[in-house]
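Trainee: This is the structure I have questions about; it appears just below.
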């Protein structure tokens, strides 16, 4: 380990220097998910991918993939996913992170890296470090050009990471951002309630159960019925060939698929990303 400059912003009473090591040096496990072919099952453990890492959490939907218990046990023949393990998406949408809170009945495909920090390191500190601009720049620089952008585990393990050796400072930093995340969760819960209220009003307004009146208290004219094509233009997407790496050798544009379209209004990430050439081809 080599000493590095300390950050400008520090917690009071902590003056220890920060140091630098590779991810290989500070993890006891650094591996990716299964590369195997597994048969889908209606019942059984979940087999998740990079798209399941959202907002620093593992997000599971009922229609996500499941595999047999036999396949699940085969995946974990040589190791077990544990509470506190860090997850990092390394194929497709690169850089999403999460901490494993409940490892029961979940496995990951190779699009997710699993990092287990050594005992002297605090996982929540590194969860937030992995979201910094400097770390994301490292990921960007080390992306491999293929049908989907990806990071080799060997390259990931060589990443130099700056951190405080003082576990107390790691805890303070990790807990500080955890409190902010919790505040964000509370605000999102309030937003969800407003969204539900909005849905109720949308149903009533567009079924004309609820009608507005003008400034004089009079009803507006009756609604008309038209076909969508009479109101505007309708376009469909065009999928660039996955065999042409030039269409998928970058992460400039989000490639939205039906699975990305949820109740949320904005789509900020996807498992697939287009290059500029791919974007023009898809238009």
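Trainee: Mind checking whether some residue in region 205-227 is in contact (Cβ under 8 Å) with a residue 40 or more places away in the chain and farther than 21 Å from residue 57 by Cβ?
Mentor: no
Trainee: Another question, then. Looking for something modelled with pLDDT of 90 or more, within 18 Å of the chain's Cα centre (by Cα), farther than 27 Å from residue 40 by Cβ and assigned to a loop (DSSP other than H, G, I, E, B) - is there at least one such residue anywhere in region 132-139?
Mentor: No, because not a single residue in region 132-139 is modelled with pLDDT of 90 or more, within 18 Å of the chain's Cα centre (by Cα), farther than 27 Å from residue 40 by Cβ and assigned to a loop (DSSP other than H, G, I, E, B).
Trainee: Go through the residues of region 62-70 one by one and say whether even a single one is touching a helix residue (DSSP H, G or I) at 6+ places or on another chain (Cβ under 9 Å), in a loop (DSSP other than H, G, I, E, B) and under 19 Å from residue 259 (Cα atoms).
Mentor: Scanning region 62-70, I find at least one residue that is touching a helix residue (DSSP H, G or I) at 6+ places or on another chain (Cβ under 9 Å), in a loop (DSSP other than H, G, I, E, B) and under 19 Å from residue 259 (Cα atoms), so the answer is yes.
Trainee: Oh, and also: Determine whether residue 81 is closer than 22 Å to residue 39 by Cα, without any contact (Cβ under 8 Å) to a residue 60 or more places away in the chain and out of contact with any helix residue (DSSP H, G or I) (no Cβ under 6 Å at 6 or more places or on another chain).
Mentor: Yes: the conditions hold for residue 81.
Trainee: Also: For region 224-274, name all the residues that are over 16 Å from the mean Cα position of the chain (by Cα), in a helix (DSSP H, G or I) and either surrounded by 12 or more Cβ atoms within 10 Å (Cβ to Cβ) or at pLDDT 80 or above (or both).
Mentor: If the condition is that a residue be over 16 Å from the mean Cα position of the chain (by Cα), in a helix (DSSP H, G or I) and either surrounded by 12 or more Cβ atoms within 10 Å (Cβ to Cβ) or at pLDDT 80 or above (or both), then 228, 229, 230, 231, 245, 246, 247 are the ones that fit.
Trainee: Now, a different point. Determine whether residue 28 is closer than 24 Å to residue 152 by Cα, surrounded by 15 or more Cβ atoms within 10 Å (Cβ to Cβ) and modelled with pLDDT of 80 or more.
Mentor: Spelling it out, it is not the case that residue 28 is closer than 24 Å to residue 152 by Cα, surrounded by 15 or more Cβ atoms within 10 Å (Cβ to Cβ) and modelled with pLDDT of 80 or more.
Trainee: Does region 147-159 include one or more residues that are touching a residue at least 60 places away in the same chain (Cβ under 8 Å), surrounded by 10 or more Cβ atoms within 10 Å (Cβ to Cβ) and over 30 Å from residue 109 (Cβ atoms)?
Mentor: no
Trainee: On the basis of being under 30 Å from residue 125 (Cα atoms) and outside the structural domain of residue 124 (by TED's automatic domain parsing), does residue 231 make the cut?
Mentor: Criteria not met by residue 231.
Trainee: Spot the failing condition for residue 154; the list is (1) over 20 Å from the mean Cα position of the chain (by Cα); (2) farther than 30 Å from residue 255 by Cα, and only one is missed.
Mentor: (2)
Trainee: Which one of these is buried (at least 20 other Cβ atoms within 10 Å of the Cβ), at positive phi and under 16 Å from the mean Cα position of the chain (by Cα): 92, 33?
Mentor: 92
The values are calculated or read from the model by the stated rules, or taken from the named source; none is laboratory data. None of these values were measured; they are calculated from a predicted model. Every residue, glycine among them, receives a Cβ derived from its backbone with ideal geometry; neighbour counts consider all protein chains shown.
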